[in-house]
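Have a look at the structure below before the remarks.
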Amino acid sequence: MKTIGIIDTGIGNLGSLSGALEGLGFDPLLLKDASMIDDCENLILPGVGAFAHSILALDASGFRQPLLDYAKAGRPLLGICLGMQILFSEGDEGGSSAGLGLIPGRIRHLSQDNGFPLPHIGWNTVNFTQKHEILCGIKSDIDFYFVHSYCAECEDSHVLATTEYSETFPSIVFHSSVIGAQFHPEKSQRSGLKLLENFCWWNGTC
Amino acid sequence: MLKRRIIPVELLLNDRLVKTVAFGKHRDVGDPLKSSQVYYNQDADELILLNIGRNQRSPRDTANHLRNIAKKCFMPITVGGGITSIEDASMLFNAGADKVVINSAGYDQKSLLEQITERYGSQALVVSIDVRNTGNSPTLFSDCGRCPKAVSLTDHIKQVIDCGAGEIFLNAIDRDGIMGGYDLDLLDKARKACRVPLIICGGAGHYLHMREAFNAGAAAVACGSLFNFGDNNPLRAKAFLKNYNIPLKRT
(Lines give C-alpha, C1' and ligand atoms only; values in the text may rest on other atoms or scores of the structure.)
Protein backbone atom coordinates (compact mmCIF):
# COMPACT_ATOMS: atom_id res chain seq x y z
CA MET A 1 0.00 0.00 0.00
CA LYS A 2 1.27 3.44 -0.90
CA THR A 3 1.95 6.06 1.74
CA ILE A 4 -0.17 9.16 1.22
CA GLY A 5 0.79 12.26 3.21
CA ILE A 6 -1.56 15.13 4.10
CA ILE A 7 0.09 18.41 5.03
CA ASP A 8 -1.47 19.68 8.25
CA THR A 9 -0.60 23.26 9.13
CA GLY A 10 -3.32 23.30 11.75
CA ILE A 11 -5.82 25.39 9.77
CA GLY A 12 -9.14 23.76 9.09
CA ASN A 13 -10.56 20.31 9.53
CA LEU A 14 -8.90 17.42 7.72
CA GLY A 15 -11.42 14.82 8.90
CA SER A 16 -13.24 14.56 5.57
CA LEU A 17 -10.03 14.27 3.59
CA SER A 18 -8.42 11.65 5.80
CA GLY A 19 -11.78 9.84 6.07
CA ALA A 20 -12.06 9.79 2.28
CA LEU A 21 -8.57 8.31 1.90
CA GLU A 22 -9.29 5.71 4.59
CA GLY A 23 -12.51 4.80 2.79
CA LEU A 24 -10.43 4.26 -0.36
CA GLY A 25 -8.24 1.84 1.54
CA PHE A 26 -5.26 4.09 2.26
CA ASP A 27 -3.77 4.92 5.61
CA PRO A 28 -2.98 8.63 5.31
CA LEU A 29 -0.16 10.21 7.28
CA LEU A 30 -0.95 13.63 8.80
CA LEU A 31 2.24 15.70 8.54
CA LYS A 32 2.64 18.39 11.20
CA ASP A 33 6.21 19.07 10.08
CA ALA A 34 8.39 18.25 7.09
CA SER A 35 10.41 15.43 8.66
CA MET A 36 8.26 12.67 7.15
CA ILE A 37 7.81 14.12 3.64
CA ASP A 38 10.36 11.75 2.14
CA ASP A 39 8.42 8.75 3.43
CA CYS A 40 5.39 9.77 1.37
CA GLU A 41 4.87 8.55 -2.16
CA ASN A 42 2.01 10.97 -2.81
CA LEU A 43 1.37 14.24 -1.04
CA ILE A 44 -1.82 16.28 -0.59
CA LEU A 45 -1.78 19.97 0.30
CA PRO A 46 -5.23 21.04 1.56
CA GLY A 47 -6.02 24.61 2.50
CA VAL A 48 -8.60 26.95 3.95
CA GLY A 49 -8.37 30.64 4.71
CA ALA A 50 -6.49 33.36 2.84
CA PHE A 51 -3.50 33.09 0.48
CA ALA A 52 -1.00 35.23 2.41
CA HIS A 53 -1.89 33.64 5.74
CA SER A 54 -1.63 30.15 4.36
CA ILE A 55 1.85 30.72 2.89
CA LEU A 56 2.97 32.10 6.27
CA ALA A 57 1.61 29.00 8.03
CA LEU A 58 3.51 26.79 5.59
CA ASP A 59 6.73 28.74 6.23
CA ALA A 60 6.20 28.71 9.99
CA SER A 61 6.04 24.93 10.05
CA GLY A 62 9.08 24.64 7.79
CA PHE A 63 7.31 23.05 4.83
CA ARG A 64 8.32 25.37 2.00
CA GLN A 65 11.75 24.06 0.98
CA PRO A 66 11.03 20.35 1.58
CA LEU A 67 7.84 20.74 -0.44
CA LEU A 68 9.69 22.43 -3.32
CA ASP A 69 12.38 19.73 -3.27
CA TYR A 70 9.70 17.04 -3.23
CA ALA A 71 7.83 18.48 -6.23
CA LYS A 72 11.00 19.24 -8.20
CA ALA A 73 12.00 15.59 -7.91
CA GLY A 74 8.88 14.82 -10.00
CA ARG A 75 6.90 13.30 -7.16
CA PRO A 76 3.10 13.65 -7.17
CA LEU A 77 1.57 16.56 -5.25
CA LEU A 78 -2.13 17.52 -5.16
CA GLY A 79 -3.25 20.96 -3.95
CA ILE A 80 -6.90 21.34 -2.97
CA CYS A 81 -8.75 24.69 -3.04
CA LEU A 82 -6.41 27.16 -1.32
CA GLY A 83 -3.79 24.42 -1.44
CA MET A 84 -4.08 24.64 -5.23
CA GLN A 85 -3.84 28.42 -5.17
CA ILE A 86 -0.58 28.57 -3.22
CA LEU A 87 1.04 26.28 -5.81
CA PHE A 88 1.08 29.30 -8.15
CA SER A 89 3.76 31.96 -8.38
CA GLU A 90 1.79 34.81 -6.92
CA GLY A 91 -1.50 35.68 -5.16
CA ASP A 92 -3.49 38.87 -4.63
CA GLU A 93 -5.50 37.84 -1.57
CA GLY A 94 -4.47 39.62 1.63
CA GLY A 95 -2.00 41.83 -0.30
CA SER A 96 0.20 40.60 -3.14
CA SER A 97 2.42 37.75 -1.99
CA ALA A 98 4.62 35.09 -3.52
CA GLY A 99 3.36 31.52 -3.68
CA LEU A 100 5.34 28.30 -4.04
CA GLY A 101 5.84 28.91 -7.77
CA LEU A 102 5.31 25.26 -8.74
CA ILE A 103 2.79 26.25 -11.44
CA PRO A 104 3.43 29.41 -13.48
CA GLY A 105 0.56 31.87 -13.10
CA ARG A 106 -1.20 33.96 -10.50
CA ILE A 107 -4.24 33.96 -8.24
CA ARG A 108 -6.68 36.84 -8.52
CA HIS A 109 -10.24 37.73 -7.51
CA LEU A 110 -13.06 36.17 -9.56
CA SER A 111 -14.80 38.67 -11.81
CA GLN A 112 -17.41 40.67 -9.89
CA ASP A 113 -19.25 41.77 -13.02
CA ASN A 114 -22.64 40.37 -14.04
CA GLY A 115 -24.04 40.42 -10.49
CA PHE A 116 -22.92 36.90 -9.52
CA PRO A 117 -22.74 36.62 -5.72
CA LEU A 118 -19.32 35.79 -4.24
CA PRO A 119 -17.97 33.59 -2.83
CA HIS A 120 -18.76 31.09 -5.55
CA ILE A 121 -20.26 28.32 -3.46
CA GLY A 122 -22.07 25.15 -4.43
CA TRP A 123 -22.12 22.42 -7.07
CA ASN A 124 -20.86 23.46 -10.48
CA THR A 125 -19.86 21.75 -13.71
CA VAL A 126 -16.24 20.83 -14.41
CA ASN A 127 -15.42 20.60 -18.14
CA PHE A 128 -12.25 18.73 -19.03
CA THR A 129 -10.01 20.46 -21.58
CA GLN A 130 -7.19 17.88 -21.72
CA LYS A 131 -6.76 14.19 -21.02
CA HIS A 132 -4.88 13.15 -17.90
CA GLU A 133 -4.39 10.01 -15.88
CA ILE A 134 -6.05 11.47 -12.79
CA LEU A 135 -9.29 12.10 -14.74
CA CYS A 136 -9.66 8.45 -15.77
CA GLY A 137 -13.12 7.05 -15.12
CA ILE A 138 -14.66 10.48 -14.46
CA LYS A 139 -17.02 11.97 -17.01
CA SER A 140 -16.56 15.52 -18.21
CA ASP A 141 -19.51 17.84 -17.31
CA ILE A 142 -19.83 16.35 -13.82
CA ASP A 143 -20.49 18.63 -10.82
CA PHE A 144 -18.00 19.20 -8.04
CA TYR A 145 -18.33 21.24 -4.84
CA PHE A 146 -16.77 24.73 -4.87
CA VAL A 147 -16.19 27.33 -2.15
CA HIS A 148 -13.93 30.23 -3.20
CA SER A 149 -13.71 33.89 -4.25
CA TYR A 150 -10.29 33.79 -5.95
CA CYS A 151 -9.23 31.85 -9.01
CA ALA A 152 -6.15 30.95 -11.02
CA GLU A 153 -4.97 32.73 -14.14
CA CYS A 154 -2.46 30.72 -16.19
CA GLU A 155 -1.52 29.42 -19.64
CA ASP A 156 -4.01 27.02 -21.23
CA SER A 157 -1.29 24.37 -21.35
CA HIS A 158 -1.52 24.15 -17.53
CA VAL A 159 -5.32 23.80 -17.50
CA LEU A 160 -6.96 20.36 -17.30
CA ALA A 161 -10.52 21.58 -16.72
CA THR A 162 -12.55 24.77 -16.58
CA THR A 163 -15.74 25.89 -14.85
CA GLU A 164 -18.15 28.73 -15.62
CA TYR A 165 -19.44 31.17 -13.07
CA SER A 166 -19.07 34.94 -13.30
CA GLU A 167 -16.34 34.04 -15.81
CA THR A 168 -14.71 30.86 -17.10
CA PHE A 169 -11.85 29.91 -14.80
CA PRO A 170 -9.45 26.93 -14.46
CA SER A 171 -10.87 24.35 -12.04
CA ILE A 172 -8.12 21.72 -12.42
CA VAL A 173 -4.52 22.76 -13.20
CA PHE A 174 -1.22 20.92 -13.50
CA HIS A 175 2.47 21.23 -14.19
CA SER A 176 4.43 17.98 -14.52
CA SER A 177 3.88 16.06 -11.26
CA VAL A 178 1.91 18.84 -9.53
CA ILE A 179 -1.92 18.91 -9.75
CA GLY A 180 -4.33 21.47 -8.32
CA ALA A 181 -8.11 21.33 -7.89
CA GLN A 182 -10.06 24.49 -7.12
CA PHE A 183 -13.04 22.45 -5.85
CA HIS A 184 -13.15 20.07 -2.88
CA PRO A 185 -12.91 16.45 -4.07
CA GLU A 186 -13.32 15.27 -0.47
CA LYS A 187 -16.77 16.96 -0.45
CA SER A 188 -17.77 15.98 -3.98
CA GLN A 189 -19.19 12.52 -3.40
CA ARG A 190 -18.51 9.74 -5.90
CA SER A 191 -16.57 11.66 -8.55
CA GLY A 192 -14.52 13.48 -5.92
CA LEU A 193 -13.47 10.18 -4.37
CA LYS A 194 -12.59 8.81 -7.80
CA LEU A 195 -10.33 11.79 -8.44
CA LEU A 196 -8.61 11.29 -5.07
CA GLU A 197 -8.19 7.59 -5.77
CA ASN A 198 -6.71 8.28 -9.21
CA PHE A 199 -4.28 10.73 -7.68
CA CYS A 200 -3.23 8.29 -4.96
CA TRP A 201 -2.33 5.63 -7.57
CA TRP A 202 -0.63 8.12 -9.89
CA ASN A 203 3.20 8.09 -9.95
CA GLY A 204 3.59 11.64 -11.23
CA THR A 205 4.42 10.90 -14.86
CA CYS A 206 2.33 12.26 -17.70
CA MET B 1 -23.83 26.79 -14.09
CA LEU B 2 -24.43 26.65 -10.34
CA LYS B 3 -26.96 23.95 -9.43
CA ARG B 4 -30.12 24.06 -7.31
CA ARG B 5 -29.90 21.81 -4.26
CA ILE B 6 -32.03 19.18 -2.54
CA ILE B 7 -31.22 18.95 1.16
CA PRO B 8 -32.50 16.37 3.65
CA VAL B 9 -32.94 17.84 7.14
CA GLU B 10 -31.95 15.67 10.09
CA LEU B 11 -33.26 16.62 13.52
CA LEU B 12 -31.11 15.32 16.36
CA LEU B 13 -32.73 14.67 19.74
CA ASN B 14 -31.01 12.66 22.48
CA ASP B 15 -28.69 10.82 20.07
CA ARG B 16 -31.50 9.84 17.69
CA LEU B 17 -33.06 11.46 14.68
CA VAL B 18 -36.68 12.53 14.98
CA LYS B 19 -39.28 14.06 12.71
CA THR B 20 -41.63 16.72 14.03
CA VAL B 21 -45.05 18.14 13.19
CA ALA B 22 -45.27 21.91 13.74
CA PHE B 23 -42.05 21.60 15.79
CA GLY B 24 -43.66 19.10 18.23
CA LYS B 25 -44.80 15.44 18.24
CA HIS B 26 -41.36 13.88 17.87
CA ARG B 27 -41.28 10.59 15.97
CA ASP B 28 -38.12 8.52 15.95
CA VAL B 29 -36.73 8.15 12.42
CA GLY B 30 -33.43 6.46 12.98
CA ASP B 31 -29.75 6.64 13.72
CA PRO B 32 -27.86 9.84 12.76
CA LEU B 33 -24.87 8.13 11.13
CA LYS B 34 -26.84 5.48 9.25
CA SER B 35 -29.41 7.96 7.94
CA SER B 36 -26.66 10.31 6.80
CA GLN B 37 -24.91 7.50 4.95
CA VAL B 38 -28.17 6.59 3.22
CA TYR B 39 -28.68 10.20 2.09
CA TYR B 40 -25.05 10.37 0.96
CA ASN B 41 -25.54 7.29 -1.19
CA GLN B 42 -28.83 8.67 -2.51
CA ASP B 43 -26.97 11.63 -3.92
CA ALA B 44 -28.34 14.36 -1.62
CA ASP B 45 -26.59 17.66 -2.38
CA GLU B 46 -25.94 18.63 1.23
CA LEU B 47 -27.05 17.62 4.73
CA ILE B 48 -28.56 19.86 7.37
CA LEU B 49 -28.13 18.45 10.88
CA LEU B 50 -29.93 20.34 13.66
CA ASN B 51 -29.87 19.52 17.34
CA ILE B 52 -33.41 20.32 18.54
CA GLY B 53 -33.11 19.15 22.14
CA ARG B 54 -34.70 21.94 24.16
CA ASN B 55 -33.17 21.02 27.49
CA GLN B 56 -29.44 20.74 28.04
CA ARG B 57 -28.83 21.02 24.33
CA SER B 58 -25.12 21.01 23.76
CA PRO B 59 -23.17 21.55 20.53
CA ARG B 60 -20.68 19.09 22.03
CA ASP B 61 -23.18 16.23 21.55
CA THR B 62 -23.80 17.40 18.00
CA ALA B 63 -20.06 17.50 17.35
CA ASN B 64 -19.66 13.91 18.52
CA HIS B 65 -22.20 12.69 15.98
CA LEU B 66 -20.90 15.02 13.31
CA ARG B 67 -17.34 13.70 13.62
CA ASN B 68 -18.55 10.21 12.72
CA ILE B 69 -20.78 11.45 9.91
CA ALA B 70 -18.04 13.58 8.30
CA LYS B 71 -15.72 10.57 8.15
CA LYS B 72 -18.23 8.63 6.04
CA CYS B 73 -20.23 11.22 4.11
CA PHE B 74 -18.10 13.18 1.64
CA MET B 75 -20.48 16.02 1.00
CA PRO B 76 -21.19 19.51 2.39
CA ILE B 77 -22.63 19.32 5.91
CA THR B 78 -24.49 22.20 7.57
CA VAL B 79 -24.90 21.98 11.33
CA GLY B 80 -26.73 23.90 14.04
CA GLY B 81 -28.73 23.92 17.25
CA GLY B 82 -27.86 25.78 20.43
CA ILE B 83 -24.78 27.64 19.18
CA THR B 84 -24.20 30.56 21.54
CA SER B 85 -20.49 31.32 21.18
CA ILE B 86 -17.68 31.35 18.65
CA GLU B 87 -16.20 28.40 20.58
CA ASP B 88 -19.35 26.38 19.89
CA ALA B 89 -19.09 27.23 16.20
CA SER B 90 -15.37 26.39 16.07
CA MET B 91 -16.00 23.04 17.73
CA LEU B 92 -18.52 22.19 14.98
CA PHE B 93 -16.21 23.35 12.18
CA ASN B 94 -13.40 21.28 13.66
CA ALA B 95 -15.72 18.28 13.81
CA GLY B 96 -16.43 18.55 10.07
CA ALA B 97 -19.12 21.19 9.54
CA ASP B 98 -18.84 23.20 6.33
CA LYS B 99 -21.41 25.72 7.52
CA VAL B 100 -23.10 26.43 10.84
CA VAL B 101 -26.73 27.38 11.37
CA ILE B 102 -27.64 30.17 13.77
CA ASN B 103 -31.23 30.90 14.75
CA SER B 104 -31.86 32.35 18.22
CA ALA B 105 -28.52 34.14 18.43
CA GLY B 106 -29.45 35.88 15.17
CA TYR B 107 -31.92 38.05 17.11
CA ASP B 108 -30.12 39.25 20.20
CA GLN B 109 -26.47 38.27 19.72
CA LYS B 110 -25.58 39.68 16.32
CA SER B 111 -21.92 40.04 17.27
CA LEU B 112 -21.71 36.24 17.08
CA LEU B 113 -22.69 36.36 13.41
CA GLU B 114 -19.90 38.84 12.77
CA GLN B 115 -17.37 36.77 14.70
CA ILE B 116 -18.23 33.66 12.70
CA THR B 117 -17.98 35.37 9.32
CA GLU B 118 -14.78 37.12 10.30
CA ARG B 119 -13.10 33.82 11.16
CA TYR B 120 -14.72 31.41 8.71
CA GLY B 121 -16.20 33.60 5.96
CA SER B 122 -19.81 34.38 5.14
CA GLN B 123 -20.15 31.21 3.07
CA ALA B 124 -19.88 29.30 6.36
CA LEU B 125 -22.82 31.05 8.05
CA VAL B 126 -26.46 30.10 7.50
CA VAL B 127 -29.09 32.01 9.44
CA SER B 128 -32.22 30.02 10.11
CA ILE B 129 -35.54 31.86 10.47
CA ASP B 130 -38.58 30.09 11.93
CA VAL B 131 -41.90 31.64 10.94
CA ARG B 132 -45.49 31.03 11.99
CA ASN B 133 -48.31 32.51 9.93
CA THR B 134 -50.56 34.26 12.43
CA GLY B 135 -53.34 36.30 10.82
CA ASN B 136 -52.09 38.07 7.73
CA SER B 137 -48.50 38.62 8.63
CA PRO B 138 -45.75 36.13 9.42
CA THR B 139 -44.41 36.14 12.97
CA LEU B 140 -40.82 35.13 13.67
CA PHE B 141 -39.91 32.79 16.54
CA SER B 142 -36.65 31.94 18.26
CA ASP B 143 -35.77 29.09 20.66
CA CYS B 144 -37.22 26.20 18.62
CA GLY B 145 -40.45 28.05 17.86
CA ARG B 146 -41.18 29.08 21.45
CA CYS B 147 -40.39 32.81 21.67
CA PRO B 148 -42.19 35.24 19.35
CA LYS B 149 -40.11 38.13 18.05
CA ALA B 150 -41.25 41.64 17.28
CA VAL B 151 -39.04 42.17 14.23
CA SER B 152 -40.52 41.81 10.74
CA LEU B 153 -39.34 39.11 8.35
CA THR B 154 -37.84 41.52 5.83
CA ASP B 155 -36.10 43.66 8.49
CA HIS B 156 -34.62 40.58 10.14
CA ILE B 157 -33.36 39.20 6.83
CA LYS B 158 -31.69 42.52 6.01
CA GLN B 159 -30.09 42.73 9.45
CA VAL B 160 -28.61 39.24 9.45
CA ILE B 161 -27.28 39.64 5.92
CA ASP B 162 -25.63 42.89 7.00
CA CYS B 163 -23.98 40.90 9.80
CA GLY B 164 -22.57 38.44 7.24
CA ALA B 165 -25.16 35.67 6.75
CA GLY B 166 -24.25 33.85 3.56
CA GLU B 167 -27.52 31.95 3.26
CA ILE B 168 -31.02 32.08 4.75
CA PHE B 169 -32.75 28.87 5.89
CA LEU B 170 -36.45 29.71 6.03
CA ASN B 171 -38.68 27.35 7.96
CA ALA B 172 -42.50 27.57 8.02
CA ILE B 173 -43.47 26.19 11.44
CA ASP B 174 -47.14 25.61 10.58
CA ARG B 175 -46.16 23.62 7.49
CA ASP B 176 -43.64 21.42 9.34
CA GLY B 177 -44.52 17.74 8.91
CA ILE B 178 -47.82 18.52 7.13
CA MET B 179 -46.53 17.57 3.65
CA GLY B 180 -49.03 19.88 1.92
CA GLY B 181 -46.50 22.02 0.06
CA TYR B 182 -44.05 24.81 0.85
CA ASP B 183 -45.31 28.24 1.94
CA LEU B 184 -44.79 29.97 -1.40
CA ASP B 185 -46.12 33.34 -0.18
CA LEU B 186 -43.59 33.30 2.61
CA LEU B 187 -40.86 32.30 0.16
CA ASP B 188 -41.81 35.17 -2.12
CA LYS B 189 -41.81 37.73 0.72
CA ALA B 190 -38.40 36.53 1.90
CA ARG B 191 -36.90 36.32 -1.57
CA LYS B 192 -37.69 39.97 -2.27
CA ALA B 193 -35.69 41.00 0.79
CA CYS B 194 -32.91 38.50 0.31
CA ARG B 195 -29.87 38.83 -1.96
CA VAL B 196 -28.20 35.65 -0.69
CA PRO B 197 -29.29 32.08 -1.51
CA LEU B 198 -32.51 31.03 0.17
CA ILE B 199 -33.25 27.52 1.43
CA ILE B 200 -36.97 26.86 1.95
CA CYS B 201 -38.13 24.24 4.43
CA GLY B 202 -41.43 23.00 5.79
CA GLY B 203 -44.21 21.27 3.92
CA ALA B 204 -42.65 19.21 1.14
CA GLY B 205 -44.87 16.19 0.49
CA HIS B 206 -44.29 15.65 -3.21
CA TYR B 207 -41.55 16.36 -5.74
CA LEU B 208 -43.95 18.82 -7.39
CA HIS B 209 -43.70 20.96 -4.26
CA MET B 210 -39.96 21.15 -4.84
CA ARG B 211 -40.55 22.24 -8.40
CA GLU B 212 -42.91 25.00 -7.20
CA ALA B 213 -40.33 26.26 -4.74
CA PHE B 214 -37.52 26.23 -7.30
CA ASN B 215 -39.72 28.12 -9.74
CA ALA B 216 -40.49 30.64 -6.99
CA GLY B 217 -36.79 31.36 -6.62
CA ALA B 218 -35.51 29.00 -3.90
CA ALA B 219 -31.81 28.15 -4.31
CA ALA B 220 -32.37 24.97 -2.36
CA VAL B 221 -35.27 22.93 -1.02
CA ALA B 222 -34.99 21.17 2.34
CA CYS B 223 -37.27 18.48 3.61
CA GLY B 224 -37.72 15.89 6.34
CA SER B 225 -41.03 14.01 6.15
CA LEU B 226 -40.90 13.51 2.38
CA PHE B 227 -37.74 11.41 2.60
CA ASN B 228 -38.60 9.81 5.96
CA PHE B 229 -42.10 8.56 5.25
CA GLY B 230 -42.80 6.84 1.96
CA ASP B 231 -40.58 5.51 -0.76
CA ASN B 232 -39.01 8.84 -1.69
CA ASN B 233 -35.38 9.85 -1.86
CA PRO B 234 -33.12 12.51 -3.41
CA LEU B 235 -32.34 10.29 -6.44
CA ARG B 236 -36.01 9.93 -7.30
CA ALA B 237 -36.62 13.62 -6.68
CA LYS B 238 -33.92 14.43 -9.22
CA ALA B 239 -35.21 11.96 -11.77
CA PHE B 240 -38.57 13.70 -11.51
CA LEU B 241 -37.29 17.29 -11.51
CA LYS B 242 -35.00 16.66 -14.47
CA ASN B 243 -38.11 16.67 -16.66
CA TYR B 244 -38.73 20.31 -15.75
CA ASN B 245 -35.33 21.67 -16.75
CA ILE B 246 -34.25 22.52 -13.22
CA PRO B 247 -30.44 22.59 -13.08
CA LEU B 248 -29.37 19.84 -10.67
CA LYS B 249 -26.08 18.26 -9.76
CA ARG B 250 -24.74 15.39 -11.86
CA THR B 251 -22.21 12.99 -10.39
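Any residue at all in segment B:154-162 that is surrounded by 23 or more Cβ atoms within 10 Å (Cβ to Cβ) and in a strand (DSSP E or B)?
For segment B:154-162, residues surrounded by 23 or more Cβ atoms within 10 Å (Cβ to Cβ) and in a strand (DSSP E or B): absent.
Do any residues in segment A:1-27 that are more than 11 Å from chain B (Cβ to nearest Cβ) have Cβ atoms under 6 Å from those of residues that are among the hydroxyl-bearing types (Ser, Thr, Tyr), where the two are at least six apart or on different chains, and which pairs are they?
If the second residue must be among the hydroxyl-bearing types (Ser, Thr, Tyr), the pairs left are A:Thr9/A:Ser61.
List, please: which pairs have Cβ atoms under 6 Å, are six or more places apart or on different chains, and start with a residue in segment B:121-143 that is within 14 Å of chain A (Cβ to nearest Cβ) and within 30 Å of A:Val48 (Cβ to Cβ) and end with one that is of a type outside the set (Gly, Ala, Ser) and part of a loop (DSSP other than H, G, I, E, B)?
Final answer for the pair search is B:Gln123/A:Pro119.
Looking at (1) in contact with a Pro (Cβ under 8 Å, 6 or more places away or on another chain); (2) over 23 Å from A:Lys187 (Cβ atoms); (3) buried (at least 22 other Cβ atoms within 10 Å of the Cβ), which is the one condition that is false for A:Ala71?
(1)
Among the residues of segment B:199-222, is there at least one that is of a type in the set (Lys, Arg) and within 14 Å of chain A (Cβ to nearest Cβ)?
Within segment B:199-222, none of the residues are of a type in the set (Lys, Arg) and within 14 Å of chain A (Cβ to nearest Cβ).
Given (1) within 14 Å of chain B (Cβ to nearest Cβ); (2) within 17 Å of the chain's Cα centre (by Cα), where does A:Gly94 come up short, assuming only one miss?
Here A:Gly94 clears every test but (2).
Please specify each residue of segment B:193-227 satisfying the condition of being modelled with pLDDT under 95 and not in a loop (DSSP other than H, G, I, E, B).
Of everything in segment B:193-227, just one residue is modelled with pLDDT under 95 and not in a loop (DSSP other than H, G, I, E, B), namely B:Ala193.
Just for segment B:234-251: of the residues that are surrounded by fewer than 20 Cβ atoms within 10 Å (Cβ to Cβ) and away from chain A (no Cβ under 14 Å), which one is nearest to B:Glu10 (Cα to Cα)?
By that ranking, first place goes to B:Arg236.
Only residues that are within 18 Å of the chain's Cα centre (by Cα) and within 12 Å of another protein chain (Cβ to nearest Cβ): list them for segment B:80-110, please.
B:Leu92, B:Phe93, B:Gly96, B:Ala97, B:Asp98, B:Lys99 - these are the residues of segment B:80-110 that are within 18 Å of the chain's Cα centre (by Cα) and within 12 Å of another protein chain (Cβ to nearest Cβ).
Mind checking which residues of segment A:34-54 are part of a helix (DSSP H, G or I), in contact with a strand residue (DSSP E or B) (Cβ under 8 Å, 6 or more places away or on another chain) and either modelled with pLDDT of 90 or more or surrounded by fewer than 21 Cβ atoms within 10 Å (Cβ to Cβ) (or both)?
A:Met36, A:Ile37, A:Asp39, A:Ala52
The values are calculated or read from the model by the stated rules, or taken from the named source; none is laboratory data. For clarity, every value in this text was computed on a predicted model and none was experimentally measured. Reconstructed Cβ throughout: ideal geometry from the backbone, glycine too, with neighbour counts over all protein chains shown.
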